[in-house]
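What follows is a short report on a single structure.
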Amino acid sequence: MPFISSDNLSILPALEKDGQFVYHLRFIEEDKCYYFHKDLTPLDVHNDFWRKHWKDYYIAYIGYKKIGFFGIVEGDFRISIIPEMRGYGVGSLMIQDAVNRLGFTTVRVLKNNKASLSAFRKNGFFIVGEDVMNDCEYFIISS
């Protein structure tokens, strides 16, 4: 599959009903090492979180298919892409959209999230510091 261009990708504000999509994508077993809770967050806990923060998220589509999401909650940038679409430039396009849409220049990214850190570096971000929150280690990155 060729790299995805911004012509193929639509990014729309999340809807409250997108909570299930975000939950299932965020907690894919192979990605467990990238999020701060090593145990699966119970669905009811996620649903409580989602009711408070769904307006902070955006959903990426190719056609009508949901392929990823991003959001910023308390300075923590959260992004995930369905496994079959990884490696095609989707993460970079989503980060570019987030920067343009939300206007942020500094965010926190989990230190062990190599894929997100790589995508941010490709988009002109660099590490400017470190932080610890909820017993998790973060890099503070800025453009």
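What about Ile72, is it surrounded by 15 or more Cβ atoms within 10 Å (Cβ to Cβ) and within 24 Å of Asp7 (Cβ to Cβ)?
So Ile72 does not fit the description; no.
Of all residues in the range 23-61 being among the β-branched types (Val, Ile, Thr) and at pLDDT below 95, which is surrounded by the most Cβ atoms within 10 Å (Cβ to Cβ)?
The residue in question is Thr41.
Would you mind stating whether Ile79 is within 24 Å of Glu16 (Cβ to Cβ), surrounded by fewer than 20 Cβ atoms within 10 Å (Cβ to Cβ) and of a type outside the set (Ser, Thr, Tyr)?
Against the criterion (within 24 Å of Glu16 (Cβ to Cβ), surrounded by fewer than 20 Cβ atoms within 10 Å (Cβ to Cβ) and of a type outside the set (Ser, Thr, Tyr)), Ile79 does not qualify.
Please go through (1) exposed (fewer than 13 other Cβ atoms within 10 Å of the Cβ); (2) at pLDDT 90 or above for Asn134 and return the number of the only condition it doesn't satisfy.
Failing condition for Asn134: (2).
Report those strands (runs of 3 or more DSSP E) wholly inside the range 91-143 carrying at least 1 residues which are among the basic types (Lys, Arg).
Per the criteria, 106-110.
Out of everything in the range 97-112 that is touching a residue at least 40 places away in the same chain (Cβ under 8 Å) and within 22 Å of Ile4 (Cα to Cα), what residue ends up being surrounded by the fewest Cβ atoms within 10 Å (Cβ to Cβ)?
Checked the range 97-112; the qualifying residue surrounded by the fewest Cβ atoms within 10 Å (Cβ to Cβ) is Arg101.
The values are calculated or read from the model by the stated rules, or taken from the named source; none is laboratory data. Everything numeric in this text was worked out from a predicted model, so none of it was measured. Glycine also receives a Cβ, built like all others from the backbone with ideal geometry; neighbour counts cover every protein chain displayed.
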